[in-house]
Amino acid sequence: EPGQFQEVDIILLLQRIFSPEQIYHAPRRVNDGEEICDVLVITDEFCLVVQAKDSPNTETMLTKSLERKRAKAKSQLHEGCNQIAGAIGYFRRVRPLRFTIDDREQKIDMGHRDILSLVVVRERFDYDFMDYSTRLMALHQKIDLLCLGVGYGELIELCTYCEGPDGLRSAYMQLFYDALNTGV
């Protein structure tokens, strides 16, 4: 299910790679309490900003045509990219990074950390990789940072087969730079 259930599921997947104290669920901006992103992971080397998009598991949703599911995946990726751009804008304005978790303020000097972003959608369709690529490349140009969009199944694979934070970071970089080189 979308929302908190999906976010907690993503956190449990990320705990295969990261320690729980590195993962923040739904951090909020200190100035207005708005959510920065769904999940934030901060290691000594990098920061991973995760925005998750999903649809409810209703009979109506599950029986939609393939064309409607493809359109939904594209719109979710687009919405997630917009939210990532907003989160990155906050990261750039607020130094050191400040956010609240459970009404407690956290302050982290982002200093030398790389910032990676990840939009997770329910599913991606091979037919639409050019559309996804166009949107992700536009986000990359806008924020001038690395960004990937993955389906939920791909996230499971990354969290299962990457060994530790360095393994995930390496796979992430390989996927991103391959996309830059090929355009897809």
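The values are calculated or read from the model by the stated rules, or taken from the named source; none is laboratory data. If you're wondering where the values come from, they're calculated on a predicted model, not measured in any experiment. All Cβ positions, even for glycine, are placed from backbone atoms using ideal geometry, and neighbour counts span all protein chains on display. We work out accessible area using only protein heavy atoms, side chains counted, and drop any ligands, DNA or RNA first. Shrake-Rupley method; radii C 1.70, N 1.55, O 1.52, S 1.80 Å.
Note on the stretch 41-83: among residues that are closer than 21 Å to residue 172 by Cβ and among the aliphatic types (A, V, I, L, M), the one that is modelled with the lowest pLDDT is 73. When residue 117 is tested against (1) hydroxyl-bearing (Ser, Thr, Tyr); (2) at pLDDT 95 or above; (3) open to solvent by 50 Å² or more (accessible area, probe 1.4 Å), exactly one condition is not met: (3). In the stretch 117-143, the residues that are closer than 26 Å to residue 42 by Cα and in a helix (DSSP H, G or I) reach residues that are among the small types (Gly, Ala, Ser) and open to solvent by 10 Å² or more (accessible area, probe 1.4 Å) with C-beta atoms within less than 6 angstrom, at least six apart or across chains, in these pairs: 142/85; 143/85. Count of the stretch 1-24 residues, restricted to those that are touching a residue at least 60 places away in the same chain (Cβ under 8 Å), touching a strand residue (DSSP E or B) at 6+ places or on another chain (Cβ under 8 Å) and either under 19 Å from residue 122 (Cα atoms) or open to solvent by 60 Å² or more (accessible area, probe 1.4 Å) (or both), is 2. Need pairs with beta-carbon distance below 6 Å; first residue assigned to a helix (DSSP H, G or I) and aliphatic (A, V, I, L, M) and within the stretch 64-80, second open to solvent by 40 Å² or more (accessible area, probe 1.4 Å) and modelled with pLDDT of 90 or more; sequence gap 6+ or separate chains. Listed pairs, sorted by first residue: 77/135. Pairs are defined by a Cβ separation below 8 Å, a sequence spacing of at least 6 or placement on different chains, a first member in the stretch 34-46 that is under 17 Å from residue 103 (Cβ atoms) and in a strand (DSSP E or B), and a second member that is open to solvent by less than 10 Å² (accessible area, probe 1.4 Å) and not small (Gly, Ala, Ser); the pairs so defined are 35/27; 40/27; 40/47; 40/48; 40/49; 40/50; 40/99. Among the conditions (1) part of a helix (DSSP H, G or I); (2) under 30 Å from residue 31 (Cβ atoms); (3) open to solvent by less than 80 Å² (accessible area, probe 1.4 Å), the only one that residue 106 does not satisfy is (1).
Conditions tested, residue by residue: (1) open to solvent by 60 Å² or more (accessible area, probe 1.4 Å); (2) under 20 Å from residue 13 (Cα atoms).
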| position | (1), (2) |
| --- | --- |
| 96 | no, no |
| 111 | no, no |
| 132 | no, no |
| 163 | yes, yes |
| 168 | no, yes |
| 176 | no, no |
| 182 | yes, no |
